[in-house]
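Rule-based calculations on the coordinates, nothing more; no lab input. These numbers come from a predicted model, not from an experiment. Virtual Cβ from ideal backbone geometry, glycine too; neighbours counted across all protein chains shown.
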2 protein chains.
Amino acid sequence: MSKRQIINLAVGNQFHFMRNFVFLLSFLFVQFVSAQSSAILAARNYATKNADAIIKEFTEFLSLPNVAADPAGQQKNAAFIMAMMNKRGIQKVQLLHPSTAGAVPAVYGEVMVPGAKQTLIFYAHYDGQPVNPTQWAKGLDPFQPKLFSNSIDKDGINILFPADGNYLNEWRIYARGASDDKAGVAAILNAYDAITKNGMAPGCNLKFFFEGEEEAGSTHLNEILEKYKSILQSDLWIICDGPVHQSGQKQIVFGVRGDTHLDLTVYASKRPLHSGHYGNWAPNPAMMLVKLLGSMKDDNGRVTIKGFYDDVTPLTPSEKKALNEVPSVDEQMKKELGISAVEMRGVTLSEAINQPSLNINGIQSGNVGKMASNQIPTYATAVLDLRLVLGNDWKRQQQKVIDHIKAQGYYITNNEPADEERNKYAKIIKVIAGQDGINAQRTSMDLPIIKKVIAAVTTTSKNQLVLQPTMGGSLPLFLFEKYLNAKTVTVPIANHDNNQHAENENIRIGNLFDGIETMVSLMLIK
Amino acid sequence: MSKRQIINLAVGNQFHFMRNFVFLLSFLFVQFVSAQSSAILAARNYATKNADAIIKEFTEFLSLPNVAADPAGQQKNAAFIMAMMNKRGIQKVQLLHPSTAGAVPAVYGEVMVPGAKQTLIFYAHYDGQPVNPTQWAKGLDPFQPKLFSNSIDKDGINILFPADGNYLNEWRIYARGASDDKAGVAAILNAYDAITKNGMAPGCNLKFFFEGEEEAGSTHLNEILEKYKSILQSDLWIICDGPVHQSGQKQIVFGVRGDTHLDLTVYASKRPLHSGHYGNWAPNPAMMLVKLLGSMKDDNGRVTIKGFYDDVTPLTPSEKKALNEVPSVDEQMKKELGISAVEMRGVTLSEAINQPSLNINGIQSGNVGKMASNQIPTYATAVLDLRLVLGNDWKRQQQKVIDHIKAQGYYITNNEPADEERNKYAKIIKVIAGQDGINAQRTSMDLPIIKKVIAAVTTTSKNQLVLQPTMGGSLPLFLFEKYLNAKTVTVPIANHDNNQHAENENIRIGNLFDGIETMVSLMLIK
């Protein structure tokens, strides 16, 4: 079998025939789309034929440690990307340094297309989450990419990188950053390569922006955007990060949830007490905290805090329609996660993501397991995260929770309570409200440039695209709006079961090559 | 000032005069009690005069490490006690070895008094709680006894052991075991010494039993009691362990609460989830657990579990009367602990101890503080302890909690849930019911021998004794009933703020010498 045949076999014959059928329709009825589709197919073929070189470069990239704790490693990654861009003839390749000395730079490059009417900036990030190699599966090293015949969870086995460059879609490469988000960098730069090596030109001006601090909270992104405002002008940022839909279908995401935190600590006796001598007389901070947290939700998983669901900006008709068309993965996910009921009864996963949420990240008081002792602890603590949707303000949302706590009779402080406070108040809680909250962001699906994006990606997919008004995660996309007055849209490519942020991160080969194709379609937008 | 004067000054002049006044009354109206009082006074004087030797022997004893992890240290302690007994002419001094080879022995000795009608066994334990030296105050070593001018919490400073043997009552000796329970061993053996060195004889046969595994859960006490049943016969065990009343008054305790445990683990998703992608859709085990635990108590601190307060044996009229006369320390303790309200509203500490309790020892899910992350944890766990009073059965009490959990819709397992269980049940909890529960025990205050005990200790106290039907803690006193059909009564001597089981354990000098006097009074019972 030729390389092409193998890839198509893996994509599935159905896909193969279906796509040809789509091409036929395109050809007959929509000449423009058809022309674009042919260009995309040519580029895809180029990528397939050059799989060996693409994967070699990609695994070399994955071998470079890219965690925040290793600045020298980050420098090597940035240099590697600059070399990738130079090799492809991209112009003005440079590091964009934040104004804070020593902070990690972004990597920039651009391609100006004569006569182009629009400019797209492609974003990905080259840094990865911290790694704990001991948690990775046996034989895996986060920075020694390995090829597997399938997901390890699906009994995939370690195989050699094929000498003939024939890769199957279900194969996976395991390494930190494999999907989050070096796959984004690779998909973007190889898409450009695939277009130019086929003698074609992009439909618009292209800019490339690869961040090096995303997993560390994009601490200096604001400085970079402000400092390089003039060269970062565009009509749209394409954020290539995150996973495709759990159904495996391609998706475009138009916004992100916001996020903020509250740290709560309830205080009781100043010293640990013997539960026999004082049990049921002295207050137990763990019991106080569980009653407080329990009061925040009803038995149907709805937050009971006053006004919690107020000031949500309703979805537009387009967004509502898109949401209705999102394929249901609820049953699939329940099975995958080993749960048989959801928290918010009667609400789908897609609907849940479009509502503000309250979640206990952690709770701790005294000791459990072998360390448990017959004591009444002195304090109990919990961390809450509040996810926000459009219309919520993170400070206002925090305040609603604080007001609820007050309404339960608590005296609220932001310090360890002093003796006078202890003597005065029956219920004392320390509330530390996180100061790094971010609000939700959502780009209208009805903008002309967004319609072009949807049309472009649609040509690469046999199935209807999943259009998500909001993704569950929180990214500081508001910074692009704030510093550049720019629009953003997220076009993810990774498989949903990529273990991002955890051990055994991986990218499915099919997703990498589909991702290249997706990026090609966007670069051809006119 | 003479030694006697110093001690009396420290006891307080009021006490001094009050006691003389009590002696006068005794002399006029109750010739027997008066004679006994004179004997006690003589013995007390002996102890005061010999404070130097008593403290020297005591600090040498405290210098011997006595923790479970150090069997060689335990042997040295046992040998030291045998030497103390031999020096005092106590007979049949021997180790009582459990039938389990290598287990820690108890130390035994006896004194048969011609014509005695009764036999009392004096119990104390020579082992101590584990130590973490780094938690002790600066300059303190758990096994290098040091003298302080007062409690460290009350700004006591380290002073030299006085060359002239003049000790003040408020002084404290800091060391592991200083109060729990080497003070018990020292008080008992020095009481015997004080009687015989004054040319007197005990009023009854005396047996001495010093356990070496109390802090390790008295694991082999059953074996010792069974194996040495014949020599351990008595009319009453005097348990010299624990603190006097928080008011500083001497107390006699007639029973202990029982105790049992439940370990609870609520399960949700099999893998940790991103709280943005799944928050409010996927169940949060911490929220499930807080709602479950919160359902177990109402806002007045009453346990809401069905039948929880049933099958409690009511207090007898004597016990009710005694309970009413227990001095209230509630306000004192609230101030000391830094709390301004109690858990069970409208119930005093003494009343609370006479009711079964439910207490959260510890709770844990996900991470808090700097380790917190935006996740939905996979499980949440808590440890509950249930204190029991007379009439409760530990297995039955566990079952009430389990039935309550079931009534909240939980499927209960004692293993990690399998996939089939996860697919079938919305709410899954693992319940591990502790198998080492002990029931409460209470000795009637109306027994003739108990009346003698109360009368004897009364002669040593200017204030009314505190008679506690039940103490808060749980001791395996039921073993004495089970294996020997024996009665027990607890006569503690340590100061209540002795930091037992924790860092900076200490004994107040006044409590040690008052304790000797208390033991003298008991040994003179006829």
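In table form, for the structure just shown:
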| read-out | value |
| --- | --- |
| Efficiency of FRET from Cβ geometry, B:Gln332 and B:Leu95, R₀ 35 Å, rounded to 0.05 | 0.25 |
| Cβ-placed point charges (K, R +1; D, E -1), dipole of region B:317-404 about Cα centre in debye, nearest 20 | 200 debye |
| J(HN,Hα) series, region A:195-201, from Karplus relation 6.51 cos²θ - 1.76 cosθ + 1.60, nearest Hz, glycine and proline x | 6, 6, 5, 8, x, 9, 10 |
| Student exercise, region B:39-91 dipole from Lys, Arg, Asp, Glu Cβ charges, in Debye to nearest 20 | 220 debye |
| Sequence-distant lysines (8 or more away, or on other chains) whose Cα lies within less than 27 Å of B:Lys56 | B:Lys3, B:Lys76, B:Lys87, B:Lys92, B:Lys138, B:Lys146, B:Lys154, B:Lys182, B:Lys197, B:Lys207, B:Lys250 |
| Between region B:186-259 and region A:108-133, the Cα center-to-center distance that results, in Å | 79 Å |
| 222 nm mean residue ellipticity, helices alone, for the protein assembly as shown (DSSP H n ≥ 4; -39,500 (n - 2.57); rounded to 500) | -10500 deg cm²/dmol |
| Residue (of B:Ser521, A:Ala191, A:Val253) at the positive-pole extreme of the protein assembly as shown, dipole from beta-carbon charges | A:Val253 |
| Modelled FRET efficiency - R0 30 Å, A:Gln464 with A:Asp310, Cβ distances, 0.05 increments | 0.35 |
| Charge dipole of chain B about the Cα centre (unit charges at C-beta), most positive-ward option of B:Ala137, B:Ile55, B:Leu447 | B:Leu447 |
| Gain on full stretching of the segment that runs from B:Ser247 to B:Ala201 - 0.36 nm per residue minus C-alpha separation | 13.3 nm |
| Cβ-vector label at 7 Å, A:Gly102, separations to other copies in nm | 5.5 |
| Shape category assigned to region A:434-526 from the gyration tensor of Cα positions, a/c cut at 1.5 | oblate |
| Percent RCO, i.e. relative contact order, over region A:402-520, from Cα pairs under 8 Å lying at least 6 residues apart | 17 percent |
| Whether region B:298-357 is rounded, prolate or oblate, judged on the alpha carbon gyration tensor where a/c under 1.5 counts as rounded | oblate |
| 0 to 90° range, to nearest 10: angle between helix B:285-294 axis and chain B longest Cα axis | 50 degrees |
| Pairwise centroid distance, computed over Cα atoms, of region A:303-329 with region B:138-168, Å | 68 Å |
| Size of electric dipole in the protein assembly as shown: Cβ of Lys, Arg +1 and of Asp, Glu -1, about Cα centre, debye, nearest 20 | 660 debye |
| Hz values of 3J(HN,Hα) by residue in region A:96-110 - Karplus curve (6.51, -1.76, 1.60), Gly and Pro given as x | 9, 8, x, 5, 5, 4, x, 6, 5, x, 8, 10, 10, x, 8 |
| Whole-number percent relative contact order across chain B, with pairs defined as alpha carbons under 8 Å at least 6 apart | 25 percent |
| Other copies of B:Arg345: label-to-label distances in nm, shortest first, labels 7 Å along the beta-carbon direction | 2.9 |
| Amide N of region B:374-391 lying under 12 Å from the label point, which is placed 7 angstrom from the Cα of B:Phe478 along Cα→Cβ | B:388-391 |
| Amide proton proximity set for B:Asn361, modelled H, under 5 Å, gap of 5+ | B:Val383, B:Leu384, B:Asp385 |
| Principal-axis tilt of helix A:13-29 within chain A, Cα atoms, nearest 10 degrees | 70 degrees |
| For the protein assembly as shown, with +1 on Lys and Arg beta carbons and -1 on Asp and Glu, the positive-most of B:Ile429, B:Tyr309, B:Pro162 along the dipole | B:Tyr309 |
| Cα-based helix-to-principal-axis angle, A:51-62 vs chain A, degrees rounded to 10 | 30 degrees |
| Using a 7 Å Cα-to-Cβ projection, A:Glu421 label spacings across copies, nm, ascending | 4.3 |
| Length released on extending from B:Ala137 to B:Ala83, taking residue separation times 0.36 nm less the Cα-Cα span | 16.2 nm |
| Total lysine pairs whose alpha carbons fall under 29 Å of each other in region B:346-479 (8 or more apart, or interchain) | 13 |
| Förster-model FRET efficiency, 25 Å R0, B:Lys406 and B:Gln435, C-beta, rounded to 0.05 | 0.80 |
